[in-house]
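S.K.: Take a look at the following structure, please.
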Amino acid sequence: MSNRNRVLVIVAAVVAVILVVVGGLYLARPAPTPDTAGLPSPGPVTSAPESGSPTSSAAAPSADASSAPAAQYECTTATEGFEPVRYTFEGGLTVDEKVLALGEDENGNIAAPPPAEKRTASWWSNGPKPGPTEGKAVLSIHTYRNGGALGNEMYEGGESRLKPGDLIKLYSSDGEVACYEFTEAKKVWVDEYDPDSDVMIDFEGAPELAMIICWDFDGSADEDAGEDPWKSRVFFYGSLV
């Protein structure tokens, strides 16, 4: 073998060794871990006092209804109650998010959305339906103790971002729309809540919407002992139009 060929063989062997080593180092790298440092720590899913109705399963929103732009729908009142799959705010706060149909949680409280669903609303499926049905249709929306959820935006600085006259729309999977005009936000302290009142649960009054968020987080609460760290709830009301 000539000197030139011998050099080429040696170089090729060295390159092959380098590739094997580099490849081995790449394969031996630890798998990346998700960046969860910025994920807010959600509060408990309990967002309302107890109700005795059985828990119902969540309903998946229609792809068409949950993705269609709000502008394509007229603001019409449904002729009868329906199951909402999407909601929007128009006015002081612009929102376009999905709705899950839920009953009660394991403690018998009106269920909130899954903890990671920071902008999704849950509709209390054992309560009144949206539209011209007597009573209050109830939606629950998360507030995170470290911020970042829609509830934090809705009552930013201790004041409602929704203003009287703002429009709230609930959409069904087949295009029905129930429109509500925002009227007021009311904060109720948990230890002052009267379960016999119609602040939240109402099957007989005029058709209304009540959206609930948690507020006034108390970091000293003993959650392991069952203490509620959220000392109040804020109710956002809308009248059917």
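S.K.: At 7 Å along the Cα-to-beta-carbon direction for both Thr183 and Ala206, put a label point, then send me their distance in nm to one decimal.
M.R.: For Thr183 paired with Ala206, the spin-label model returns 0.5 nm.
S.K.: Then there is this: Sort Lys118, Lys98 by accessible area with a 1.4 Å probe, largest first.
M.R.: Numbers: Lys118 100, Lys98 70 Å².
Ranking Lys118, Lys98 by accessible area, largest first, yields Lys118, Lys98.
S.K.: Moving to a separate point now. Could you work out the local net charge near Ser220, counting Lys and Arg as +1, Asp and Glu as -1, over the other residues with Cβ closer than 11 Å to its Cβ? Intermediate values should be presented prior to the final figure.
M.R.: Details: positive: Lys231; negative: Asp218, Asp222, Glu223, Glu227.
Overall, the nearby charge balance is -3.
S.K.: Could you compute the FRET efficiency for Glu227 and Glu80, with r as their C-beta to C-beta distance and R0 at 45 Å, rounded to 0.05? Each step should come with its number before you reach the end.
M.R.: Details: r = 42 Å, r/R0 = 0.93.
FRET efficiency, Glu227 to Glu80: 0.60.
S.K.: What are the ³J(HN,Hα) couplings of the stretch 201-215, residue after residue, when phi is run through the Karplus curve with 6.51, -1.76, 1.60 and θ = phi - 60°? Round to Hz, x for glycine and proline.
M.R.: Computed from phi, the couplings for the stretch 201-215 are 9, 8, 9, 10, x, 5, x, 9, 10, 10, 9, 10, 10, 7, 8 Hz.
S.K.: A follow-up question, please. Average the reciprocal distances over every distinct pair of alpha-carbons in the stretch 91-241, invert the result, and give the Kirkwood radius in Å.
M.R.: 15.8 Å
S.K.: Right, something else. Below 11 angstrom from the Cβ of Gly92, what's the summed charge of the other residues (Lys, Arg +1; Asp, Glu -1)?
M.R.: Numbers: positive: Arg161, Lys163; negative: Glu90, Glu153, Glu156, Glu159, Asp166.
Net of charged neighbours comes to -3.
S.K.: Full-extension gain between Glu192 and Glu159, please, as 0.36 nm times their residue separation minus the C-alpha to C-alpha distance. Write down the numbers at each step before the final one.
M.R.: Values: separation 33, 0.36 × 33 = 11.88 nm, distance 2.02 nm.
Full-extension gain reported as 9.9 nm.
S.K.: Rounded to a whole number, what % of the accessible area of the stretch 74-130 do carbon and sulfur atoms account for, probe 1.4 Å? Walk me through the intermediate numbers first.
M.R.: Working: 990 of 2210 Å².
C and S fraction of accessible area: 45 percent.
S.K.: Send over the per residue convex hull volume for the stretch 83-137, Cα only, as a whole number of Å³. Write down the numbers at each step before the final one.
M.R.: On the way: hull volume 5.4 nm³, N = 55.
With only Cα atoms used, the stretch 83-137 gives 98 Å³ per residue.
S.K.: With no solvent and one equal point scatterer placed on each C-alpha of the stretch 93-181, evaluate the Debye formula and give log10 I(q)/I(0) for q = 0.17 Å⁻¹, two decimals.
M.R.: So the normalised log intensities are -0.81.
The values are calculated or read from the model by the stated rules, or taken from the named source; none is laboratory data. Only a predicted model underlies this, so the values are computations on that prediction, with no experimental measurement involved. As a convention, Cβ positions derive from the backbone with ideal geometry for all residues, glycine included, and neighbour counts pool all protein chains shown. All accessible areas refer to the heavy atoms of the entire protein, side chains included, with ligands and DNA or RNA removed. Shrake-Rupley method; radii C 1.70, N 1.55, O 1.52, S 1.80 Å.
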